[in-house]
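Just so it is clear, none of the values below were taken in a lab; they were calculated from the coordinates. Computed from a predicted structure; not experimentally measured. A quick note on method: Cβ atoms are made from the backbone with ideal geometry, for glycine too, and the neighbour counts reach across all protein chains shown.
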Amino acid sequence: MSDKDVTILAIESSCDETAAAVVRNGREALSGVISTQIALHKEYGGVVPEIASRKHIEKITPVVEEAVRMSGVALNDMDAIAVTCGPGLVGPLLVGVSFAKSIAFALNKPLIGVHHIEGHIAANFVAHPQLEPPFACLVVSGGHTHLVVVKDYGEYEIIGRTRDDAAGEAYDKVARAIGLGYPGGPKIDRLCREQGDPLSIPFPQSKVTGTEYDFSFSGLKSAVLNYINQMEMKGEAIDTANLAASFQHAVVMSLVNKTMHAVEEYGFTRLALAGGVASNSYLRAKMKEACEERGVQLFYPEPLLCTDNAVMIGSAAYYEYMKGVRHGYDLNAYPGLVLGEKV
């Protein structure tokens, strides 16, 4: 790699966070700005794509301007412009892609489209500058649950994925069912840190026929809903904290057990966590416990870098930039983009 510093302006708008960051050499965040829409979507119980798109249009200019200002690097001194091009919601993605293309065109700068999940994995490079491939990575978010072998920068093998609901999606649905509201993951995590017995209700852990590493959470979600219905039919009170803690235990132990099985089978000594659910305190604690038992090093970003942010996009973009990857002004939004698939 070159001795010259490479500074990238990155933009992320795949869902309900408008984010921009300036990242140097893929490992150092010079700035990071996030405008969240959680309060806006809260009353609907989830993200409304049309509302999200309109809010991105409103926020993207001031967010990018603030990220550039905070970085101390002039816009014209950026080496490249990076943007999330998929997967995600098509409307929000188009806002970010269009904005990034406009800046790249106006300044005659290289344009780099970045895979959102690749960004989540790369957040670990900012949080842990000593971490280098190869390693295993568990990606857990509202839309994805992937068990990935990170072979090299930008080179991945997906060895396990969810067959139905993502882990974060299951959190949101269960939180809504027990009256905690949106976003479900942080609210369940917060409740269970304060109270609740994780072993009080024996909810099932998923077993997927024909594969060792795939996940499934729809059966667990149904088991929770059935438990609620049964308790209501019998006129018995539901201990919300116990229910939430037991649900969380089932999700987390499914994630931990399958991940540890993969780590042992593949012989990895390093494991990273990525994605919004990677900030869950119970998952971190149980995964740390399991890794320590096996002598495996565990890495995960700080909570702010687990959620959707542009620092992670700038990090992933750096390694693409160094490989010579450049995209034209025909770069589009790809809502169903698969990890490892090139655009």
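Using every pair of separate Cα atoms, the Kirkwood estimate puts the hydrodynamic radius of the range 199-250 at 12.0 angstrom. Please work out the FRET efficiency for the pair Lys234 and Asp197, using the Cβ-Cβ distance as r and a Förster radius of 25 Å; give the result to the nearest 0.05. After rounding to 0.05, the efficiency reads 0.80.
Using only alpha carbons, build the gyration tensor for the range 16-156 and give me the equivalent ellipsoid semi-axes, biggest first, whole Å.
On the way: eigenvalues 114, 97, 38 Å².
With the √(5λ) rule applied to the range 16-156, the semi-axes are 24, 22, 14 Å.
Dipole magnitude for the range 244-337: about 40 debye, using +1 per Lys or Arg Cβ and -1 per Asp or Glu Cβ, origin at the Cα centre.
Our summary gives the chain a relative contact order of 25 percent, counting only alpha carbon pairs under 8 angstrom and 6 or more residues apart.
Taking a straight line from the alpha carbon of Lys234, these lysines sit under 21 Å away, with near neighbours fewer than eight places off in the same chain left out: Lys221.
At 0.890 mPa s and 25 °C, plugging the Kirkwood radius over alpha-carbon pairs of the range 1-75 into Stokes-Einstein gives what diffusion coefficient in µm²/s? Could the numbers behind the result be given before it?
On the way: Rh = 13.4 Å.
Answer, rounded: 184 µm²/s.
Scaling the Cα radius of gyration of the chain by the globular reference 2.2 N^0.38 Å produces a ratio of 1.00. Taking every alpha-carbon pair within the range 213-303, the share separated by more than 17 Å comes to 56 percent. Working note: Debye formula, equal point scatterers on the alpha-carbon atoms of the range 143-228, no solvent; log10 I(q)/I(0) at q = 0.17, 0.27 Å⁻¹ is -0.81, -1.34. Axis angle, to the nearest 10 degrees, between helix 218-233 and the longest C-alpha principal axis of the chain: 40 degrees. Each of Thr259, His144, Ser279 was placed along the dipole of the range 133-301 (beta-carbon charges, centred on the mean Cα), and the one lying farthest toward the positive end is Ser279. Rounded to the nearest 10 degrees, the inclination of helix 167-177 to the longest alpha-carbon principal axis of the chain is 50 degrees. Ignoring aspartates and glutamates fewer than eight residues from Lys59 along the same chain, the ones with Cα atoms less than 19 angstrom from its Cα are Glu12, Asp16, Glu17, Glu50, Asp308.
In terms of distances greater than 18 angstrom between alpha carbons, the cross-link table entries Lys258/Lys288; Lys151/Lys342; Lys4/Lys101; Lys55/Lys187 yield Lys4/Lys101; Lys55/Lys187.
Here Lys207, Lys288, Lys221 are placed in order of increasing Cβ neighbour count within 10 Å, fewest first, which gives Lys207, Lys288, Lys221. In degrees, nearest 10, range 0 to 90: what is the angle between the Cα axis of helix 90-107 and the longest Cα principal axis of the chain? Once rounded, one gets 20 degrees.
Based on the convex hull around the alpha carbon atoms, the range 133-301 presents an average projected area of 9.7 nm².
For the residues Ser53, Ser13, what sequence is obtained by ranking on other C-beta atoms within 10 Å, fewest first? Before the final figure, lay out each step's value.
Details: Ser53 18, Ser13 36.
Going from least to most buried by this count: Ser53, Ser13.
Ordering His261, His56 from the fewest to the most neighbouring beta carbons within 10 Å gives His261, His56.
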